[in-house]
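To start, the structure under review is shown below, and the notes come after it.
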Amino acid sequence: MTQVKLANNQWGYISAVIDEASNEVVSLNVSNHANKQQLATTLSNLQATIPKESMPILHSDQGWQY
């Protein structure tokens, strides 16, 4: 989860999952709230992109949400 200050002085939050082997962003969600719904959407989008036969490992030290 990354917090960024927007031009209108509000905060935006980026939740991204990166494939460490290819450095490709495989799931991304942008929101004006850092909450469980944003995390759930990010992971749901990720699940839709993962091949069924793969067995990925999700590793994060990027914040309380994960």
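Return only the number of the condition from (1) modelled with pLDDT of 90 or more; (2) under 17 Å from T2 (Cα atoms); (3) out of contact with any Asp or Glu (no Cβ under 9 Å at 6 or more places or on another chain) that N35 does not satisfy.
The one condition N35 does not meet is (1).
Quick check: anything in the range 43-59 of a type outside the set (V, I, T), in contact (Cβ under 8 Å) with a residue 40 or more places away in the chain, out of contact with any Lys or Arg (no Cβ under 8 Å at 6 or more places or on another chain) and outside any strand (DSSP E or B)? Break it down stepwise before answering.
Our first condition is that a residue be of a type outside the set (V, I, T); within the range 43-59, this holds for 43-48, 51-56, 58-59.
If we keep only those that are in contact (Cβ under 8 Å) with a residue 40 or more places away in the chain too, we end up with 58.
Next, only the ones that are out of contact with any Lys or Arg (no Cβ under 8 Å at 6 or more places or on another chain) stay: 58.
Within this subset, residues satisfying the condition of being outside any strand (DSSP E or B) are 58.
Within the range 43-59, one or more residues are of a type outside the set (V, I, T), in contact (Cβ under 8 Å) with a residue 40 or more places away in the chain, out of contact with any Lys or Arg (no Cβ under 8 Å at 6 or more places or on another chain) and outside any strand (DSSP E or B).
Only residues that are assigned to a loop (DSSP other than H, G, I, E, B) and touching a residue at least 40 places away in the same chain (Cβ under 8 Å): list them for the range 1-15, please. Give the derivation first.
To start, the set of residues in the range 1-15 that are assigned to a loop (DSSP other than H, G, I, E, B) comprises 1, 6-10.
If the condition is that a residue be assigned to a loop (DSSP other than H, G, I, E, B) and touching a residue at least 40 places away in the same chain (Cβ under 8 Å), then M1 is the only one that fits.
Identify, please: which residue in the range 11-29 is surrounded by 13 or more Cβ atoms within 10 Å (Cβ to Cβ) and aliphatic (A, V, I, L, M) and is, among those, farthest from M1 (Cα to Cα)?
V26
Looking only at residues that are among the hydrophobic types (A, V, I, L, M, F, W, C) and under 14 Å from E20 (Cβ atoms) in the range 51-60, which one is surrounded by the most Cβ atoms within 10 Å (Cβ to Cβ)?
If we filter the range 51-60 for residues that are among the hydrophobic types (A, V, I, L, M, F, W, C), which is where we start, we get 55, 57-58.
Now narrow it down to the ones that are under 14 Å from E20 (Cβ atoms): 57-58.
Details: I57: 5, L58: 8.
Here the residue is L58.
The values are calculated or read from the model by the stated rules, or taken from the named source; none is laboratory data. Nothing here was measured: the structure is a model prediction, and the numbers come from that model. Using ideal geometry, Cβ is built from the backbone for each residue, glycine included, and neighbour counts are taken over all protein chains shown.
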